[in-house]
Amino acid sequence: MKFSIVIPTHNRAEQLIMTLTAFNLQSFDHDQFEVIVVDDGSDDQTREAIDQFQASYRLLYISTGKREGDLTLEIKELQNQKVNLLFSVMLTLL
């Protein structure tokens, strides 16, 4: 695996699924990257959407369980677990 893509999200289930679908369509070898969704306490259908999504790549879901407002700690924890974080995708669509 060459890339880990971290997507922090909060109550953006629809936009998240569009983003994950775009990764399914990538021509880059799907064995060479993973997507890590870090959910900052969403109370919409984010978890259900992830559970139903069929990714053609490795997809991990991490939930803070409550609204933290700052995902810095979660990203630092991922780094502490020696995940090779090369870039982060921010969902800013309204």
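For PHE3, the residues whose modelled amide H falls within less than 5 Å of its own, excluding neighbours fewer than 5 places apart on the same chain, are PHE33, GLU34. According to the square roots a ≥ b ≥ c of the eigenvalues of the Cα gyration tensor, what is the shape class of the stretch 16-63, taking rounded for a/c under 1.5, prolate for a/b larger than b/c otherwise, and oblate for the remainder? Note, shape of the stretch 16-63 comes out prolate. Treating r as the C-beta distance of GLU48 and PHE3 and R0 as 25 Å, the FRET efficiency rounds to 0.40.
Each of the peptides 31-42, 15-26 was scored by the mean count of other Cβ atoms within 10 Å over its residues; in descending order, highest first, they stand as 31-42, 15-26. For the stretch 51-58, the Karplus equation 6.51 cos²θ - 1.76 cosθ + 1.60, evaluated at θ = phi - 60°, returns couplings of 4, 8, 6, 9, 8, 9, 9, 6 Hz by residue, with Gly and Pro reported as x.
No value in this document is a laboratory result; all are computed from the given coordinates. Remember, predicted model here, so these are calculated numbers, not experimental data. With ideal geometry, Cβ positions are generated from the backbone for all residues, glycine too; neighbour counts draw on all protein chains shown.
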